[in-house]
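Report on the structure given below.
FYI, it's all coordinate maths here, none of it is from the lab. On a predicted model such as this, the values are computed, not experimentally measured, just so you know. Positions of Cβ are backbone-derived with ideal geometry, glycine not excepted, and every protein chain shown enters the neighbour counts.
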Amino acid sequence: MPIPVVRYGTPVLRQKGAQIDAVTPTLRQLTADMLETMYAYKGIGLAAQQVGVAVQLTVIDVRGVTDRPSSLEVEGKVVDVSTLMPMTLINPEVKPVREAGNATGPEGCLSFPEIFADITRPDVVDVKALNQHGQTIEFRCGGLLARVVQHETDHLHGILFIDRMDRATKEQLRPELEELQAETKAMLKK
């Protein structure tokens, strides 16, 4: 069942997620609900903090995006991205592949409706995590998938995409951010 996505200004968005020790029936249900929520909100990634739960869990599905390519390698072999979608990452560890350099591209966030900005991130990353079955998965990804993995992993550490914006962009968006935060705080008081 879809869960409401919390908005900027909700304290849980700034909380570092707790490590997950075991894949329990409760965690499987949360994962299923998060996937349903992500699809309902037309997102391509969703972190547990965004549904009010401060744990190291995120779901991702980039299959619907055709204008921003993704790359995926498993055990050094190029793999079709769709083979791992939808993707569940538990306790993810993400390391940039330095020689790949950085890329700047547009990002949005379900917790920041209608707010978008160009963000610079490593273009290729190595990822190690548990999947929804509690099995270790390791892969290298690039393009949009790398961007989404980093964006969602940031959420798991209480980091928001506005923290990655350059100063000028953040200043330009300040009125919208302040309005969203004020609306959220007013809703939380009710």
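Any chance region 32-40 includes a residue that's acidic (Asp, Glu), closer than 20 Å to ILE137 by Cα and either assigned to a loop (DSSP other than H, G, I, E, B) or touching a residue at least 24 places away in the same chain (Cβ under 8 Å) (or both)? Checked region 32-40: no residue is acidic (Asp, Glu), closer than 20 Å to ILE137 by Cα and either assigned to a loop (DSSP other than H, G, I, E, B) or touching a residue at least 24 places away in the same chain (Cβ under 8 Å) (or both). Just one of the listed residues (ARG98, ARG174, ARG164) is in contact with a His (Cβ under 9 Å, 6 or more places away or on another chain) and not acidic (Asp, Glu), namely ARG164.
Taking the residues in region 82-126 that are acidic (Asp, Glu) and within 21 Å of ASP166 (Cβ to Cβ) as candidates, determine which candidate is surrounded by the fewest Cβ atoms within 10 Å (Cβ to Cβ). Ranking the candidates gives GLU114 first.
When restricted to residues that are of a type in the set (Asp, Glu) and over 24 Å from PRO113 (Cβ atoms), region 47-93 contains 4.
Within region 28-66, the set of residues being surrounded by 14 or more Cβ atoms within 10 Å (Cβ to Cβ), within 18 Å of GLY134 (Cα to Cα) and of a type outside the set (Val, Ile, Thr) comprises ARG28, LEU30, ALA32, ASP33, MET34, LEU35, ALA47, ALA48, GLN56, LEU57. The set of residues in region 130-150 that are in a strand (DSSP E or B) and either more than 16 Å from LEU84 (Cβ to Cβ) or under 14 Å from the mean Cα position of the chain (by Cα) (or both) is empty.
Of everything in region 154-190 that is without any contact (Cβ under 8 Å) to a residue 60 or more places away in the chain and part of a loop (DSSP other than H, G, I, E, B), the residue that is surrounded by the most Cβ atoms within 10 Å (Cβ to Cβ) is MET165. In summary, ALA168 fulfils each of the numbered conditions (1) of a type in the set (Gly, Ala, Ser); (2) touching a Lys or Arg at 6+ places or on another chain (Cβ under 9 Å); (3) more than 30 Å from GLY76 (Cβ to Cβ) with the single exception of condition (2).
Taken together, the criteria exclude PRO69 from residues that are exposed (fewer than 12 other Cβ atoms within 10 Å of the Cβ) and over 20 Å from ASP163 (Cβ atoms).
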